[in-house]
Amino acid sequence: MNSLITQINENAAGISIPGIRVFANKVNLLPDGINLTIGEPDFPTPEPIKQAAVAAITNNLTGYSHNAGLLSLRKSVSRHFHQSYGFAYDPEHEILITNGASSGIDAALRTILREGDEVILPAPIYSGYDPVIRLAGGVPVYLDTSDTGFKPDPVRLEALVTLRTKAVILNYPSNPTGATLDRDTTDRLADVLSRHDLFVISDEIYSENVYSGPHISLASYPSLRNQLILIHGLSKSHSMTGWRVGFVLAPRFLTEQILKVHMSNSICASLPSQYAAIEALETCRDIPKEMNKAYIRRRDYAHRRLTEMGLDVELPTGAFYLFPSITRTRLGSWEFAEKLLDSQHVAVVPGGSFTSYGEGFIRISYATSMDTLVKGLDRMETFLHELQP
Ligand SMILES: Cc1ncc(COP(=O)(O)O)c(C=O)c1O
């Protein structure tokens, strides 16, 4: 073995491939495989957005932009959030355009974390935060939400705050549970968080995918304004996962620091993608509502089918995931997902890949066609019948 392998940073070597990828890779090898793991919209990027990028390329708008992103895009972002959620961020000093939400999360964490700093995260939670916290020297501290409807209990959250706590990461609407926050919980969370000297990173990338009531953004709380880093992007709302456009909104003293990390890593976001993003925000504001009509039909169908199969499952109010309990089967979530894939060629994500608090659940994505969903759920029903003695 090459001895240099021992020289690799332990934090990088320790990253494991997320459960989503493991099962997606396996199912893709099966000609009749049904993939219910996918966390991206199945709709094509809308035509005007694609044409805006084509025009940018044709007109040779293919170089670097300002490190923070095109000012015209930052102005569109600022207007969009003001019109949609009522809060204002200054496009010149308080908004950064990043390579997807992921690079914004990474830049923000590497800007604020010191070795040994703790980051509190309600769990089960998206598996993308843990590795970047660890790479930045931080320590994830998970708050169990599996017995509080997958919403963080503010009192329990406060009990986890120590002298080492540097940040809290919140992700509502939630991947993987589909939970959203109600006004009362958000009020109480804002109250607790604003009393502590810590950063709040709120990843609201699914805010356009909310199916009951308005999305309540943590950025709408003036009491959090000085400590909040809002993460967003167009991957989910406008079916633009491959375009890599994300946003970081934060007070100036933070964006000035995060910008240096972002520019050291990637200089700027792709320029044609930034022109496409302006089009998305300026002329395609109703696209998410159209997509939501399809998501709601699929969600209701899948929820009914799972309930009829005897699985305990909350009706999700946001994002595009269902998170049914599989404890009835007495199988662990990895074992369940492996057996389902082996016997029925259907891939789902084990809840245990979203921290141990997701154990006993599986994640099913309904960002896939109704036809795929019907076939996948038919096969899951057969699987559950066969499991019974
Ligand atoms: C909660 C959450 N944040 C961030 C991302 C990554 O977004 P992007 O593709 O814009 O980097 C995802 C992708 O699944 C996600 O679910």
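Identify all residues within region 256-272 that are surrounded by 24 or more Cβ atoms within 10 Å (Cβ to Cβ) and more than 12 Å from the ligand (Cβ to nearest atom); write none if there are none.
Our first condition is that a residue be surrounded by 24 or more Cβ atoms within 10 Å (Cβ to Cβ); within region 256-272, this holds for 262, 269.
Correct list: HIS262 only.
Restricting to region 23-53, give me the number of residues that are outside any loop (DSSP other than H, G, I, E, B) and touching a residue at least 60 places away in the same chain (Cβ under 8 Å). Don't jump to the end; show me each part of the working.
First, pick out the residues of region 23-53 that are outside any loop (DSSP other than H, G, I, E, B): 23-28, 34-35, 47-53.
If we keep only those that are touching a residue at least 60 places away in the same chain (Cβ under 8 Å) as well, we get 23-24, 26-27, 34-35, 48-53.
Total meeting the criteria: 12.
From the residues in region 79-90 that are in contact (Cβ under 8 Å) with a residue 40 or more places away in the chain and not in a helix (DSSP H, G or I), which one is surrounded by the most Cβ atoms within 10 Å (Cβ to Cβ)?
TYR89
So which of TYR295, TYR301 is farther than 14 Å from LYS50 by Cα, touching a residue at least 12 places away in the same chain (Cβ under 8 Å), more than 16 Å from the ligand (Cβ to nearest atom) and among the aromatic types (Phe, Trp, Tyr)?
Of TYR295, TYR301, the one residue that is farther than 14 Å from LYS50 by Cα, touching a residue at least 12 places away in the same chain (Cβ under 8 Å), more than 16 Å from the ligand (Cβ to nearest atom) and among the aromatic types (Phe, Trp, Tyr) is TYR301.
Do we have ASN60 as out of contact with any Phe, Trp or Tyr (no Cβ under 6 Å at 6 or more places or on another chain) and at positive phi here?
Working: out of contact with any Phe, Trp or Tyr (no Cβ under 6 Å at 6 or more places or on another chain): yes; at positive phi: yes.
Here the answer is yes, as ASN60 does meet what is asked.
In this structure, is ASP144 in the same structural domain as ASP106 (by TED's automatic domain parsing), open to solvent by 10 Å² or more (accessible area, probe 1.4 Å), more than 21 Å from the chain's Cα centre (by Cα) and modelled with pLDDT of 95 or more?
Taking the combined requirement at face value, the residue does not satisfy it.
Please work out which one of (1) over 25 Å from ASP42 (Cβ atoms); (2) within 16 Å of the ligand (Cβ to nearest atom) is the condition PRO288 fails and give its number.
Of the numbered conditions (1) over 25 Å from ASP42 (Cβ atoms); (2) within 16 Å of the ligand (Cβ to nearest atom), the odd one out for PRO288 is (1).
Under 8 Å by Cβ, and 6 or more places apart or on different chains, what pairs join a residue from region 92-105 that is in the same structural domain as ILE278 (by TED's automatic domain parsing) and on the phi > 0 side of the Ramachandran plot with one that is in a strand (DSSP E or B) and near the ligand (Cβ under 7 Å from one of its atoms)?
What qualifies is GLY100/GLY233; GLY100/GLY246.
How many of the residues making up region 12-22 are within 22 Å of the chain's Cα centre (by Cα), part of a helix (DSSP H, G or I) and not basic (Lys, Arg)?
Matching residues across region 12-22 total 4.
Only residues that are open to solvent by 10 Å² or more (accessible area, probe 1.4 Å), farther than 16 Å from PRO288 by Cβ and within 16 Å of the ligand (Cβ to nearest atom): list them for region 180-218, please.
LEU181
Would you mention how many residues in region 310-351 are open to solvent by 30 Å² or more (accessible area, probe 1.4 Å), assigned to a loop (DSSP other than H, G, I, E, B) and over 20 Å from PHE23 (Cα atoms)?
Qualifying residue count, region 310-351: 6.
Taking only region 219-241 into account, find how many residues are in a helix (DSSP H, G or I) and within 14 Å of the ligand (Cβ to nearest atom).
Within region 219-241, residues that are in a helix (DSSP H, G or I) and within 14 Å of the ligand (Cβ to nearest atom) number 1.
Among the numbered criteria (1) in the same structural domain as SER343 (by TED's automatic domain parsing); (2) among the aliphatic types (A, V, I, L, M); (3) modelled with pLDDT of 95 or more, which single criterion is violated by ALA56?
The single condition ALA56 does not satisfy is (1).
Could you tell me whether any residue of region 298-315 is of a type in the set (A, V, I, L, M), farther than 22 Å from ASN209 by Cβ and touching an Asp or Glu at 6+ places or on another chain (Cβ under 8 Å)?
Checked against the condition, which is being of a type in the set (A, V, I, L, M), farther than 22 Å from ASN209 by Cβ and touching an Asp or Glu at 6+ places or on another chain (Cβ under 8 Å), region 298-315 yields at least one hit.
Basic (Lys, Arg), open to solvent by 10 Å² or more (accessible area, probe 1.4 Å) and in a helix (DSSP H, G or I): does that describe ARG379?
So ARG379 fits the description; yes.
From the list GLY63, GLY14, pick out the single residue that is in contact (Cβ under 8 Å) with a residue 40 or more places away in the chain, loosely packed, with under 10 Cβ neighbours inside 10 Å and more than 16 Å from the ligand (Cβ to nearest atom).
GLY63
Would you mind finding the one in TYR275, TYR301 that is open to solvent by 10 Å² or more (accessible area, probe 1.4 Å) and closer than 22 Å to ARG74 by Cβ?
From the options TYR275, TYR301, the qualifying one is TYR275.
Pull up region 243-255, narrow it to residues that are touching a residue at least 24 places away in the same chain (Cβ under 8 Å) and in a helix (DSSP H, G or I), then point me to the one that is most open to solvent (accessible area, probe 1.4 Å). Can you show your working first?
Going residue by residue through region 243-255, those that are touching a residue at least 24 places away in the same chain (Cβ under 8 Å) are 243-252, 254-255.
With in a helix (DSSP H, G or I) added as a condition, the list becomes 243, 252, 254-255.
Numbers: TRP243: 54, ARG252: 111, LEU254: 7, THR255: 4 Å².
Among those that are touching a residue at least 24 places away in the same chain (Cβ under 8 Å) and in a helix (DSSP H, G or I), it is ARG252.
The values are calculated or read from the model by the stated rules, or taken from the named source; none is laboratory data. Computed from a predicted structure; not experimentally measured. Methodologically, a virtual Cβ is constructed for each residue, glycine included, from the backbone with ideal geometry; neighbour enumeration extends over all protein chains shown. Quick note on the areas: whole protein, heavy atoms, side chains included, nothing else; ligands and nucleic acids left out. Shrake-Rupley method; radii C 1.70, N 1.55, O 1.52, S 1.80 Å.
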